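What follows is one structure encoded as structure tokens, with my remarks underneath.
The values are calculated or read from the model by the stated rules, or taken from the named source; none is laboratory data. Keep in mind it's a predicted model, so treat the numbers as computed, not measured. All Cβ positions, even for glycine, are placed from backbone atoms using ideal geometry, and neighbour counts span all protein chains on display.
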Amino acid sequence: MRHSYAQRHADAGVPVDHLRELLDHREIGTTMGYFKVSVERKRHAVETVARLTIDRHGNPRGYSDALAHEGQTVAVAYGGYSEPSNVKAGGQHCRIRFQRAGCDFYRPDPSYLPALEQQVAELRADKEAALAMGAADWVIRNFDDQITAYAKTLNQMRRTLDELPEQERAAVEDAARELRKARSAAAFISVDGLTIRGRT
């Protein structure tokens, strides 16, 4: 029962540090055992979601197979990225990393929906704070442009998912959860008993 409880939470996307507390594990590595996504499951998830990849304009930019998707994109915040030098650098070579929604190499798919929703909410909150601080007009315009760009992507993906037959939409949502779980597990690296999120 304990294993089932842990696996169900991991599959539902509960962050590993929260699940570690719930299970009272001493070592994060013990909890990470529930977050491993097999290569086969990941390949199937990528094949399901990759065909629904879009560009920053909302146009379809799907990949024909998992290998093409994995070889031509790198996972970054709020979506995939297909600029060759950035792919080669593992996502660490983006010149406009804080404004990805404005780049023609930006390639989000449905697995990034929660991250996009969070980004739009945070940008709106930051804009309100900037307004309260009396920030320059160009700062507010920058927030507005980013909110518009990410919201356009978000709305296009929601429309695409809503148009899918119910069974197909459920399969895409399951695949998206698998990919988020795989990315979440990859973001944790244990170093001498310390857990560092998103850093090497």
* Six or more apart or on different chains, Cβ under 6 Å: which pairs go from a residue in region 41-66 that's farther than 15 Å from LYS181 by Cα to one that's among the acidic types (Asp, Glu)? Could you list them? => LEU52/ASP109; THR53/ASP109; ARG61/ASP55; ALA66/GLU47
* Could you list, in sequence order, the residues of region 67-86 that are surrounded by fewer than 18 Cβ atoms within 10 Å (Cβ to Cβ) and in a helix (DSSP H, G or I)? -> LEU67, ALA68, GLU70, GLY71, GLN72, PRO84, SER85
* Structure fact -> From the option list LEU123, LEU154, LEU179, single residue qualifying as touching an Asp or Glu at 6+ places or on another chain (Cβ under 7 Å) and in contact (Cβ under 8 Å) with a residue 12 or more places away in the chain is LEU154
* **Residue in region 1-33 that is surrounded by the fewest Cβ atoms within 10 Å (Cβ to Cβ), counting only those that are without any contact (Cβ under 8 Å) to a residue 40 or more places away in the chain and either aliphatic (A, V, I, L, M) or in contact with a Gly (Cβ under 6 Å, 6 or more places away or on another chain) (or both)** => MET1
* Asked: In this structure, is ALA151 surrounded by fewer than 14 Cβ atoms within 10 Å (Cβ to Cβ), modelled with pLDDT of 90 or more, over 30 Å from HIS25 (Cα atoms) and not hydroxyl-bearing (Ser, Thr, Tyr)?
  -> no
* Asked: Within region 87-113, can you find the residues that are farther than 16 Å from LEU52 by Cα and assigned to a helix (DSSP H, G or I)?
  -> VAL87, LYS88, ARG97, PHE98, GLN99, ARG100, ALA101, GLY102
